[in-house]
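Remarks on the structure that follows.
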Amino acid sequence: MSEEHYLELCESPVQFEHASSVNNVFFDEANKQVFAVRSGGATGVVVKGPDDKNSIAFRMDDKGEVKCIKFSIGNKILAVQRTSKSVDFINFIPDYPHTEFSQECKMKNASVLGFCWTNWNEIVFITDQGIELYQVFPDKRSVKLIKSQSLSVNWYQYCPETAVLLLSTSGQGNVLQPFVFRNGTLSKMTKFEIELPVVPKPAKLSLSERDIAMATIYGQLYVMYLKHHSRTANSPSAEVVLYHLPREGLCKKSHVLKLNTTGKFALNIVDNLVVVHHQSTQTSLIYDIHLREPDCALNTHQPVLPARSIHPYRIPLTGPVVVPSQPPVPCQLYSSSWSVFQPDIIISASEGYLWYLQVKLPPTVNLQQDKGKLMDFLLRRRDCKMVILSVCSQILEGGERGSLPVVATVFDKLNQVYKEYLEAEQMYTLAMESGPSRNSAAQKRPVRTQAVIDQSDMYTHVLSSFTERKGVCHKFIIAVLMEYIRSLNQSQITVQHYLYELVIKTLVQHNRFYMLHQFLQYHVLSDSKPLACLLLSLESTYPPAHQLSLDMLKRLSTANDEIVEVLLSKQQVLGALRFIRSVDIDVLRQGWATFMIKRATFFIITIGGPHDCTLQLNVVMTTCRPGSSWTRRSRPVTRCCSTPSSGPSSRGTSGSEETPPSTLENTVRNTWSTSSSCLESNP
């Protein structure tokens, strides 16, 4: 069952002194810090955070029960609330006095519900009559009111990532008023109303703080409402309703997550997934709001995977009485003492642990049978590359071999993300090359996430091993390779030569020479120098590959030196000279022709007899004589072999496959020729 747990608690939790009658535990969502306050701080306060190398420990005077305690950003100023009327401040800046100073709320008869730091020296008081934004001056030990807003407040929630404060107003508590804080300013956003399942009569507070959470999902701020239906309602199961809260504009209901059960729930956000914990069944569900069910209404979501419990966690025993051989104690999951905070924090105050909830992707592979939907799910996760590549291998190999349409769907989804990254990279490069401007200044270099699976990744981790696997039909192997090339071409991505080489090697390995000939003749495999070199190496196995290689080099128009080298290596000196005469005059002016003619002369002297040497040197001199017709344009490139092949030789073929006729394009039917009579004469 361990392979099915796709949620787990982090291996290195934050440990603190558990809650007791003399020790109170507080959590600061902005700084992600846990405060353990003993005896009102008189016997010590210990602060631990996830990024702190060393915990912060100090003492303060016991002036009453601590209701709330938080550090400002950077741990510069400590704020402590002990009464419903004021907040106390203590400097933690070096060389500043540590004497406490206090600030009462300005509104008369108001009670402070809590406070939030919006900057290192800016704090907002939330009272039952409104909010008050203050600026703290630690050097002067004073506080200044910046701005206030009056309205009736039932409860509040604050999202530190977006600096948005959400206030519950009205008698039923379902009218929510958001505020946003920017650079010492307070801005009022458009209020909105939460749809209650039942409207109570007479009106009473129906929407509680525990049913609302704020979190950022895919870069957008959402207000999540845990909606419980009454037992007499037509829809007895609960659901999570997501309201999109933009910086400007109206807040609208955008997504509904179907829970298909009732009971007590808690919400987390992990890797842009909404995780819903169900206490009675001790299981969790995950939802991806970017995935839509085909058979559901718009923006209505079912769980992506079946409900599963969090992976079991064991707490190691500590203390002087611990026996070394004593095993760790299992942690009670989904305990009533758990407190869940956004986005991914779970705290057990009774055990003294703070965990970060994590998603394990490998178990999800076997829990989702729809590979297309699984790929959509994986492509939006952080650490997804190796899992995606393993899924690609799984659908191709062994008993998990998928049908070709499934393979094509997976390839298309991968290459769509690949294409979007390449286009973003190209736009960034063009913006940088165009020089500084207002648009280029705001242009950021695209981040290559693990969802970008390029051709080298597929070649190294999937395709190369797949072609070497025994027991797989070679027709299916070739079909998969061509399907991946088709997907790349469809996405307008240039196919790398090593993929074409893999196709050729696979065809040769299985004696599919006729198919190879067809792919090359009809340009299914794009021309490149590495591909032409590979064809040259196949001449002993498939003789027509030599001519196919020369044709490819000529079509490239950038491989003239390679063509002459190949001709000379075959001792076709006259053919090399004829090709030199057909080259553009601009190329000859660069001295390339002179160099190649010297090489031809060397070959004549090396391989020719005395009579042939004299004749062919005359040919070279005639070719190089000033006033020769160098500028004469030759006809289309033709076959350089002195003896045209009538078709693929049977040498090197072991199969019964019919060899194709050597009917290439018209440009390779004849021999390279010129009008010079000396090249055609006989001695």
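The values are calculated or read from the model by the stated rules, or taken from the named source; none is laboratory data. All figures in this text were calculated on a predicted structure; none of them were measured in a lab. Reconstructed Cβ throughout: ideal geometry from the backbone, glycine too, with neighbour counts over all protein chains shown.
Restricting to the stretch 137-171, count the residues that are outside any loop (DSSP other than H, G, I, E, B) and touching a residue at least 24 places away in the same chain (Cβ under 8 Å).
First, pick out the residues of the stretch 137-171 that are outside any loop (DSSP other than H, G, I, E, B): 137, 142-150, 156-159, 164-169.
Of the ones still in play, those that are also touching a residue at least 24 places away in the same chain (Cβ under 8 Å) are 142-143, 145-150, 156-159, 164-168.
Looking only at that region, the number is 17.
For the stretch 547-559, state whether one or more residues are part of a helix (DSSP H, G or I), of a type in the set (A, V, I, L, M, F, W, C), surrounded by fewer than 19 Cβ atoms within 10 Å (Cβ to Cβ) and modelled with pLDDT of 80 or more. Show your work before the answer.
Kept after step one, since they are part of a helix (DSSP H, G or I), are these residues of the stretch 547-559: 547-556.
This time we only want the ones that are of a type in the set (A, V, I, L, M, F, W, C), so: 548, 550, 552-553, 556.
This time we only want the ones that are surrounded by fewer than 19 Cβ atoms within 10 Å (Cβ to Cβ), so: 556.
From the residues that got through so far, the ones that are modelled with pLDDT of 80 or more too are 556.
Looking for residues that are part of a helix (DSSP H, G or I), of a type in the set (A, V, I, L, M, F, W, C), surrounded by fewer than 19 Cβ atoms within 10 Å (Cβ to Cβ) and modelled with pLDDT of 80 or more, one finds at least one in the stretch 547-559, hence yes.
Restricting to the stretch 510-528, and then to whatever is part of a helix (DSSP H, G or I) and in contact (Cβ under 8 Å) with a residue 40 or more places away in the chain, can you tell me which residue is nearest to T541 (Cα to Cα)?
The initial filter retains those residues of the stretch 510-528 that are part of a helix (DSSP H, G or I), namely 513-521.
Those still in the list that are in contact (Cβ under 8 Å) with a residue 40 or more places away in the chain too: 513-514, 517-518, 521.
Numbers: F513: 10, Y514: 13, H517: 13, Q518: 17, Q521: 18 Å.
Of everything passing the filter in the stretch 510-528, F513 is nearest to T541 (Cα to Cα).
Tell me, please, whether a residue that is assigned to a helix (DSSP H, G or I), touching an Asp or Glu at 6+ places or on another chain (Cβ under 7 Å), at pLDDT 90 or above and surrounded by 13 or more Cβ atoms within 10 Å (Cβ to Cβ) can be found in the stretch 420-437.
Taking the stretch 420-437 first, the residues assigned to a helix (DSSP H, G or I) are 420-433.
When the remaining residues are screened for being touching an Asp or Glu at 6+ places or on another chain (Cβ under 7 Å), the result is none.
No; the residues of the stretch 420-437 include none that is assigned to a helix (DSSP H, G or I), touching an Asp or Glu at 6+ places or on another chain (Cβ under 7 Å), at pLDDT 90 or above and surrounded by 13 or more Cβ atoms within 10 Å (Cβ to Cβ).
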Legend entry - Which numbered condition Q492 fails, given (1) under 28 Å from Q416 (Cα atoms); (2) over 24 Å from the mean Cα position of the chain (by Cα); (3) not hydroxyl-bearing (S, T, Y): (2)
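Got a sec? Which of L245, L167, L205, L226 is touching a strand residue (DSSP E or B) at 6+ places or on another chain (Cβ under 6 Å), surrounded by 12 or more Cβ atoms within 10 Å (Cβ to Cβ), of a type in the set (A, V, I, L, M) and under 20 Å from Q129 (Cβ atoms)?
L167
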Inset, instruction - Considering every residue within the stretch 191-208, establish whether at least one is polar (S, T, N, Q), touching a residue at least 12 places away in the same chain (Cβ under 8 Å) and closer than 12 Å to L245 by Cα. - result: no
Inset, instruction - Scan the stretch 62-79 and report the pairs whose first residue is within 20 Å of R38 (Cα to Cα) and whose second residue is of a type in the set (K, R), with Cβ atoms within less than 7 Å and a gap of 6+ or a chain change. - result: K63/R82; G64/R82; E65/R82; V66/R82; K67/R82; A79/K70
Inset, instruction - Could you please find all residues in the stretch 104-122 being within 13 Å of V180 (Cα to Cα) and not hydroxyl-bearing (S, T, Y)? - result: C116, W117, N119
Legend entry - Segments classed as strands (runs of 3 or more DSSP E), wholly inside the stretch 1-64, with at least 2 members that are buried (at least 17 other Cβ atoms within 10 Å of the Cβ) and under 41 Å from the mean Cα position of the chain (by Cα): 7-9, 23-28, 33-38, 45-48
Legend entry - Condition check for N489: of a type outside the set (F, W, Y) and assigned by TED's automatic domain parsing to the domain that holds E397: yes
